[in-house]
Structure formats: structure tokens, C-alpha cells
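**Student:** Dropping the structure in here first, questions after.
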Amino acid sequence: MRPVDRIEILVVIDNVTDSLSSVPGFVTREWTVLRQKGMKLTAGASLCCANHGFSLLITAHRGASRHTMLFDGGPVDYAVERNGTRLGVDFAVVDAMMLSHGHWDHAGGLPQAIRMARAENGGRAVPLFLHPGMFFERGSRQPDGGVFPMQSVPTPTEWTEIGAEPIVTDQPVSVLEEMFFISDEIPRITEYERGLPGQVRRVAPDQPWEPDELLMDERFLAVHVAGKGIVVFSACSHAGIINVLTHAQRSFPGEKLHAVMGGLHLSGENEKIIPEAVRDIGGFGLELIIPAHCTGWRAVNALERAYTEQVVVPAAVGKRFSL
């Protein structure tokens with residue numbers, strides 16, 4: 001991965017909407033972005049919708065070159081279409097997409113994003129980076145011992161039929177003129193980060209459910225911004241955000257980690273590890289922590305108390321970050 005001059009990050013889908021709270025100078029709030037993209041009247045129909053999921057449009061600039069990556073697609077088609085249209089997303093310039101891991105709240109909107117991209121780019125198939133371990137049927141173990149299933153991720157063949165060019169690998173890869181780095185599998189080294197409690201999977205409908213709490217198909221995306229350092233995007237951090245940042249640090253020896261953005265998954269069952277995660281995230285020297293999606297309000301509050309609002313800048317749907 002080679003450094004870029006700057007990046008712009010547009011939050012296409014997030015759990016939270018917040019266009020009133022004050023923001024630092026490198027952040028533009030949703031309503032301002034909407035006005036810049038042509039909103040003529042403040043009204044409910046003009047605004048983005050928050051939804052349980054995550055999607056970022058990341059554009060990297062190096063000299064006269066620029067490339068755009070869609071990092072996840074949120075949970076459902078209408079959220080991508082509604083928010084993308086209102087935010088003025090030019091899907092024709094999306095050079096590639098990545099699915100961070102095999103969960104519906106990150107994959108469910110990608111088919112619509114692919115269709116919108118192809119409608120605007122002349123029908124060109126969109127490269128889509130996938131991990132081979134994300135195509136199992138998954139669910140969550142219930143207190144009575146049963147399993148509540150979740151929507152499965154389309155297979156590579158199905159992605160091709162939708163209009164993507166699936167690139168299925170578990171190896172690290174630098175893409176788009178080495179502006180973006182897609183990691184390999186994230187080693188699990190901390191004692192307290194245990195994945196997603198209760199998740200199970202099965203390889204076929206007639207096969208038994210087996211434990212799948214570690215979600216080894218999850219990967220991070222990274223960009224190196226010149227003069228600042230590595231920006232790490234972790235969509236859900238089922239691997240554990242400390243494991244994610246440790247692997248990022250080891251992937252780029254000698255380079256500074258500048259920022260982390262995404263879901264830190266410190267809500268639900270993982271609220272009990274907030275103290276350890278908040279303590280240990282301070283060891284990476286991050287100048288920015290941008291929590292989103294599944295982080296949870298308790299963890300956001302704990303992070304802000306520990307590292308101040310100059311460092312902790314929460315995401316929300318429609319926000320644009322310029323780094």
C-alpha cells in the first residue's frame with residue numbers, strides 16, 4: 001500500500017442519525033451534505049434513513065488519480081437507494097466494493113449498490129472482494145437450545161448474476177493503484193475478545209449447527225494517508241477491535257496508526273468487555289477514534305471520557321469525513 005494525499009469518507013448507512021450535534025472542521029453534517037447535493041426543502045422525505053447496518057463510500061486521492069471503494073452495503077436495498085440518491089453518490093465512479101464479513105447487515109444492500117453502479121457505469125461488472133468463509137448458513141443459538149437463522153450471503157455465482165465480479169480470497173491484497181489494503185484473517189490474541197457469543201453455522205441444511213463465534217471471515221480495510229498514518233476501517237470488529245488494531249500494526253511495521261473507524265461491537269453481550277477494550281485501545285496512539293454502527297452508546301461514552309471529544313468523533317448517517 002502506497003500513501004495517498006487525502007481521503008473522503010461518506011457514511012452511506014449507519015445505525016444513527018445526528019445532524020444537530022457540533023462537529024470538528026474535518027466533518028460535514030448530513031443536512032449540509034444534502035444541501036450541497038441539491039436538497040431544496042428540509043423535510044422528512046429529503047433526509048437519509050438510519051438503519052441497523054453499515055456502509056462507507058471511501059474516495060482516495062493521490063495527485064491527479066482518485067479511486068473509490070464501497071465498504072459494505074448496509075442491511076437492505078431501500079437504504080442504499082434512498083441514502084445514496086439523497087447524498088448524491090455517483091455510483092458510476094465506484095471502482096470496487098468489499099464485504100467485510102458474512103452478515104446480512106453489511107451484505108443486504110450490496111446487490112442494490114451493484115445494480116445502481118452498473119446502471120450508471122455502462123453495465124461494467126463491479127469487482128467485489130469476498131472471503132471464502134462467508135457463505136455458510138448462520139444463526140444465533142437461543143436460550144431454549146434452538147437456532148434463529150439469519151439471512152445468508154449470496155454465493156459467488158449469485159454475485160456474478162447480480163452483476164459483480166467476485167474476487168474470493170483470504171489473502172491480503174493491495175488494490176486500486178495500491179491505495180487500499182484489504183487484510184487477511186485477523187489473529188485472535190486477546191483473552192477477553194471472544195467474537196460474537198452464541199453464533200453458529202452449518203455447511204448444509206441437513207448438517208448440524210456448529211459454533212462460529214470467531215467469524216474468521218472478517219477483515220479490515222486500510223488506507224495510508226501521507227503525513228498522518230494508517231486509517232483502519234473495521235466494520236463490526238467481531239474479531240475484537242484490539243485484535244484488529246494489533247494486526248493492522250503488524251501489517252505495517254514502522255507506520256503510525258492514525259485513526260480507526262467503524263463498528264467496535266461493544267454492545268449487547270460485549271458490553272462486559274468495554275473496560276478492557278477502552279483501556280487497551282489507548283496503546284495504539286490513535287489521533288482519531290470514529291465509532292459507528294454496533295459500538296453502542298455505553299462504549300462511545302466510555303471512549304469519550306477516556307480520550308476526550310477531540311479524539312472520539314462518532315459517525316452518523318450522511319456525515320462526510322475529510323482526512
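Here, each number is a calculation from the coordinates, and none is a lab measurement. Keep in mind it's a predicted model, so treat the numbers as computed, not measured. Here the Cβ is made from the backbone with ideal geometry for all residues, glycine too, and neighbour counts use every protein chain on show.
**Student:** No solvent, one uniform scatterer per C-alpha: report log10 I(q)/I(0) for the chain via the Debye equation at q = 0.13 1/Å, two decimals.
**Tutor:** -0.94
**Student:** Any chance you could tell me what percent of the C-alpha pair distances in the range 208-312 go past 21 Å?
**Tutor:** 31 percent
**Student:** Follow-up. Could you list SER55, SER152 so that the one with the fewest beta carbons within 10 Å of its beta carbon is first and the one with the most is last? Mind dumping the intermediate values first?
**Tutor:** Numbers: SER55 29, SER152 17.
So the ranking, lowest neighbour count to highest, is SER152, SER55.
**Student:** State, to one decimal in nm², a quarter of the convex hull surface area for the C-alpha atoms of the range 7-142, i.e. the direction-averaged projected area.
**Tutor:** In nm², the orientation-averaged hull projection of the range 7-142 is 10.7.
**Student:** Hey, which lysines would be in cross-link range of LYS228, C-alpha to C-alpha under 30 Å, not counting anything within fewer than 8 residues on its own chain?
**Tutor:** LYS37, LYS256, LYS319
**Student:** Out of ALA222, ALA119, ALA292, any idea which swings most in a Gaussian network model of the chain, alpha carbons joined below 10 Å?
**Tutor:** The residue with the greatest mean-square fluctuation here is ALA119.
**Student:** Along each principal axis of its Cα atoms, how long is the range 135-202 end to end? Whole angstroms, biggest number first, please.
**Tutor:** Dimensions of the range 135-202 along the principal axes of its Cα atoms: 50, 37, 14 Å.
**Student:** What fraction of the DSSP beta bridges in the range 6-322 is antiparallel, stated in percent and rounded to the nearest 5?
**Tutor:** On the way: 38 of 60 bridges.
Percent antiparallel among DSSP bridges in the range 6-322 is about 65.
**Student:** Something else now. What FRET efficiency do you get for ALA64 and ASP18 if R0 is 41 Å and r is their Cβ-Cβ distance, rounded to the nearest 0.05?
**Tutor:** 0.70
**Student:** Now, a different point. I need the Debye-formula profile for the range 259-316: one equal scatterer per C-alpha, no solvent, reported as log10 I(q)/I(0) at q = 0.12, 0.24, 0.30 1/Å, two decimals.
**Tutor:** -0.22, -0.93, -1.46
**Student:** Debye calculation, C-alpha points only, no solvent: report log10 I(q)/I(0) for the range 1-48 at q = 0.26, 0.29, 0.31, 0.32 Å⁻¹, in the same order as the q values.
**Tutor:** Relative scattering, expressed as log10 I(q)/I(0), comes to -1.16, -1.31, -1.39, -1.41.
**Student:** If you don't mind, there's one more thing I want to ask. Based on DSSP H runs of at least 4 residues, each adding -39500 (n - 2.57), what is the mean residue ellipticity at 222 nm of the chain after dividing by all its residues, to the nearest 500 deg cm²/dmol?
**Tutor:** -6000 deg cm²/dmol
**Student:** Once you've got the GNM for the chain with C-alpha springs shorter than 10 Å, pick whichever of GLY285, GLY296, GLY44 has the biggest mean-square fluctuation.
**Tutor:** Highest fluctuation among the options: GLY44.
**Student:** What residues from the range 97-112 fall in the zone where the backbone N is under 20 Å from a label point 7 Å along the Cα-to-C-beta line of ASP184?
**Tutor:** Residues 99-102 qualify, since their backbone N sits under 20 Å from the label point.
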